[in-house]
Amino acid sequence: MHRLFIDRSMTDGQTVTVRGDDARHIGFSLRMRCGEKISCACEGRAYLCEIIGFTPDSVSMKILSEEEGSEPPVGIILYQALLKGDALDGVFRRAVECGATEIVPFS
């Protein structure tokens, strides 16, 4: 299941609205559709959400359940070779979204 990190301003307690790059990533890169589920982490809480709607620049999700603690039950360590430019930032971000708990860069 895909995991997304959100801030408190994106939720009203019953729904989550994601805008900008994350919304485009959900709709175009991941090609997710209405009815699919996604995990959202916010300030130590994990929300299981179902996508209920798309607009050109936002994704709306209904919160199905809420749990204390947003860390996965297993630890994942990613060993990543150094990359040219700022590509490593994108790798780190996606690795954390996938649940990596430690990232070890090497040359």
Scan the chain and hand back the longest stretch that contains none of the trypsin sites (Lys or Arg not before Pro) lying in DSSP loops with at most 15 other Cβ atoms within 10 Å. 34-83
Between Glu68 and Ser107, what's the calculated FRET efficiency when r is the beta-carbon distance and R0 is 30 Å? Round to 0.05. 0.15
Farthest towards the positive end of the dipole of the chain, among Cys49, Gly85, Gly99 and with Cβ unit charges of +1 on Lys and Arg and -1 on Asp and Glu, lies the Cα of Gly85
Considering only protein heavy atoms, what per residue accessible area in square angstrom results for segment 6-107 with a 1.4 angstrom probe? 63 Å²
FRET efficiency for Lys84 and Ser29 from the Cβ-Cβ distance with R0 = 30 Å, rounded to 0.05, comes out at 0.85
CD proxy at 222 nm, helix term only [per DSSP H run n ≥ 4: -39500 (n - 2.57); per residue of the chain; nearest 500]: -3500 deg cm²/dmol
Let me spell out the model: positive unit charges on the Cβ of Lys and Arg, negative unit charges on the Cβ of Asp and Glu, origin at the Cα centre of the chain. What dipole size does that give, in debye rounded to 20? 400 debye
Estimated Rh, segment 44-107: Kirkwood, alpha-carbon pairs, angstrom: 14.3 Å
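The values are calculated or read from the model by the stated rules, or taken from the named source; none is laboratory data. Every value quoted in this text rests on a predicted model; they were computed, and no experiment measured them. Positions of Cβ are backbone-derived with ideal geometry, glycine not excepted, and every protein chain shown enters the neighbour counts. Note: accessible area is taken over every heavy atom of the protein model, side chains too, but ligands, DNA and RNA are not part of it. Shrake-Rupley method; radii C 1.70, N 1.55, O 1.52, S 1.80 Å.
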